[in-house]
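Data first, discussion second: the structure below is written as structure tokens.
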Amino acid sequence: KALVIAIDGPSGTGKSSVSKAVASRLGVSYLDTGAMYRALAWSCVDAQIDLDDAAAVAEHCRTFDLRMGMDPTAPSVGVGDRLIDAEIREDAVTSVVSKVATNLDVRANLKQRQRDLIADGAARTGGCVAEGRDITTVVAPDAPVRILMTASEEARMSRRSRQLKVAAESTRAQIVDRDRTDSTVSQFTTAADGVVTVDTSHINFRQSVDAVLQVVQE
Ligand code: CDP
């Protein structure tokens, strides 16, 4: 049976870097579902679609040519032939991504794509680490391993502002705002039934990877 590992959590918990490292270590595929929402937001802006026009955003989502590279040592995000790995991390995307992510038609479409990608990735490599905000609850609730990564607000804010090399205060405001918006559509701060919590507040990157691998082995 395929080893699917579902990992949810808010930003600043180390979720992405830990998920990638775990997938590399296990030699399985990796899927960053947040990058898919970011790619849609980028593509809507690129196509000059009004992000407040929910029907237009949903229609664009159904048809855009999203290509996810699932090798954990070199993950990639593309729309058509264009690679947009750098673009989707820019502030112009981060500040609007929640707008497309709270669109329920968008969520239904990306959920199906995510299930297909996880199945394909697992078929190729024997498993897949998929990370996001609703993987343990909605996308892959039957995954054999389900983990919620958490961290104190303090730890999350300082990691994220270090990562982005910007002032702590502006990061805090943006993250708090995004958490609030995101939590209207997915529950990613408390563990659902059967989901194991890994708290990274007081452990470093390597210890977080080991903690996740420990859960996988149980
Ligand atoms: O920057 P950060 O790591 O916090 O976020 P991300 O994982 O790149 O996800 C970006 C955005 O995508 C989130 O703020 C959510 O709005 C949305 N998202 C979602 O709604 N559901 C997921 N499974 C993953 C991401």
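The values are calculated or read from the model by the stated rules, or taken from the named source; none is laboratory data. Quantities reported herein were computed from a predicted structural model and do not represent experimental measurements. Backbone-built Cβ (ideal geometry, glycine too); neighbour counts: all protein chains shown. The accessibility values were calculated without ligands, DNA or RNA, using every heavy atom of the protein model including side chains. Shrake-Rupley method; radii C 1.70, N 1.55, O 1.52, S 1.80 Å.
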Looking at region 69-92 only, could you name the residues that are farther than 17 Å from E131 by Cα, of a type in the set (A, V, I, L, M) and out of contact with any helix residue (DSSP H, G or I) (no Cβ under 6 Å at 6 or more places or on another chain)?
L83, A86, A92
Number of positions in region 63-112 that are surrounded by 15 or more Cβ atoms within 10 Å (Cβ to Cβ), within 17 Å of S186 (Cβ to Cβ) and within 12 Å of the ligand (Cβ to nearest atom)
11
How many residues are open to solvent by 10 Å² or more (accessible area, probe 1.4 Å) and either part of a strand (DSSP E or B) or among the acidic types (D, E) (or both) when one looks only at region 113-133?
2
Six or more apart or on different chains, Cβ atoms under 6 Å: show the pairs whose first residue is in region 1-13 and closer than 12 Å to T200 by Cα and near the ligand (Cβ under 9 Å from one of its atoms) and whose second is aliphatic (A, V, I, L, M) and part of a strand (DSSP E or B).
G9/L148; G9/M149; T13/M149
Does A155 satisfy the condition of being touching a residue at least 40 places away in the same chain (Cβ under 8 Å) and within 13 Å of the ligand (Cβ to nearest atom)?
no
May I ask you to say which residue of V195, V212 is touching an Asp or Glu at 6+ places or on another chain (Cβ under 8 Å) and either within 21 Å of G34 (Cβ to Cβ) or among the aromatic types (F, W, Y) (or both)?
V195
Being polar (S, T, N, Q), within 11 Å of the ligand (Cβ to nearest atom) and at pLDDT 95 or above is true for just one of T125, T136. Which residue is that?
T136
Which one of these is closer than 23 Å to I118 by Cα, open to solvent by 50 Å² or more (accessible area, probe 1.4 Å) and either within 11 Å of the ligand (Cβ to nearest atom) or assigned to a strand (DSSP E or B) (or both): T197, T184?
T197
I'm told D177 meets every condition in (1) closer than 30 Å to F64 by Cα; (2) open to solvent by 60 Å² or more (accessible area, probe 1.4 Å); (3) modelled with pLDDT of 95 or more except one. Can you identify the failing condition by its number?
(3)
Quick check: anything in region 162-174 crowded, with 21+ Cβ neighbours inside 10 Å, away from the ligand (no atom under 12 Å from the Cβ) and either in a helix (DSSP H, G or I) or at pLDDT 95 or above (or both)?
no
